[in-house]
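Structure first, then comments.
The values are calculated or read from the model by the stated rules, or taken from the named source; none is laboratory data. None of the values given here were measured: they were computed from a predicted structure. Cβ sites come from the backbone with ideal geometry, for glycine too, and all protein chains shown count toward neighbours.
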Amino acid sequence: MKLDGKVSLISACGRGIGREVALTLAKAGSNVVINSFSSENTQALANEIEGLGAKVVSVAGDITKSSVILEMVSAGIDAFGKIDILVNNVGGGSADEIVDQDNPLAEVEAIWDGTYAMSLKAPVLMCEAVMPHLIERKSGKIINMSSLAGRPGMPHVDLVPLSSSYHSAKAGLIRYTQLLADQLGRHNINVNAICPGIIYTDGWRDLSEAMVANHPEYKGEDPRQWFLGVAEGRYAGEGMPQTPLRREQTTADIAEAVLFLASDAAANITGQTLNVDGGMAKD
């Protein structure tokens with residue numbers, strides 16, 4: 001699949017899935033606009049993309065801030081004259097600073113505000129910033145990176161403080177994807193989401209470390225080996241998710257799915273959420 005002449009905007013792509021997506025789209029012929037919170041990561045990725053022969057514009061900064069979102073969109077249009085593809089890779093959880101220590105709801109409020117800002121509000125604002133341009137051109141692809149956590153029936157792990165807010169935000173992003181697809185279909189704009197499977201990125205690493213530190217049955221295990229056990233189905237009878245293919249997924253698996261949805265091969269697919277998870281989710 002080729003993206004020759006296309007321009008892709010990818011948020012939060014300094015490492016992990018986002019980095020692999022940026023490189024994959026560049027290899028397919030797309031010029032790219034990239035973002036990462038870390039200036040060092042952003043520049044390193046930009047250098048690697050240029051080495052592939054693609055053109056790149058980089059904007060470092062906190063993509064949950066509307067000013068950075070607008071800067072990124074403007075930089076892409078100024079450099080390339082258009083944006084064809086938006087990949088909303090930003091996501092995760094964080095707790096805002098607790099200002100009022102005497103407020104019994106302060107910690108909960110900080111967790112939900114921080115997680116929603118990253119996993120739902122930022123993708124929504126990015127879509128809103130890019131939409132007028134795509135509508136004007138009557139063409140475009142939007143791909144939102146959700147999570148299996150947003151799928152019904154996926155296990156909720158209380159050992160992770162951000163779990164409830166993260167599950168809820170990612171479920172909201174899936175529904176937003178569906179609504180946006182309905183809204184933008186008449187403008188020839190495709191909107192889809194991807195739910196990555198078991199990949200040893202920061203979120204799964206944190207969960208793995210929490211499980212072996214706090215769960216009596218796993219205490220003392222190596223976090224990476226515990227993670228592989230989940231991927232291979234060794235803990236399926238203990239309430240953990242099971243992957244029928246019995247293997248972990250990779251960032252390349254997700255990037256190839258993004259490439260497909262960004263390509264002309266997916267011209268008639270919109271409003272869908274693609275699970276790239278080895279068969280774990282059943283919905």
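Once region 251-283 is narrowed to residues that are at pLDDT 95 or above and among the charged types (D, E, K, R), the residue that is farthest from Leu184 (Cα to Cα) is Asp253. Checking Lys82, Lys121 one by one, the residue that is within 11 Å of Ala169 (Cα to Cα) and modelled with pLDDT of 95 or more is Lys121 and no other. In summary, strands (runs of 3 or more DSSP E) completely within region 1-108 and bearing 2 or more residues that are under 22 Å from Tyr176 (Cα atoms) and touching a residue at least 12 places away in the same chain (Cβ under 8 Å) occur at 7-10, 85-88. Could you check, for region 137-157, whether at least one of its residues is in a helix (DSSP H, G or I) and modelled with pLDDT of 95 or more? The answer is yes; a qualifying residue exists. Residues in region 246-282 that are crowded, with 19+ Cβ neighbours inside 10 Å and of a type in the set (S, T, N, Q): Gln249, Thr251, Thr270, Thr273, Asn275.
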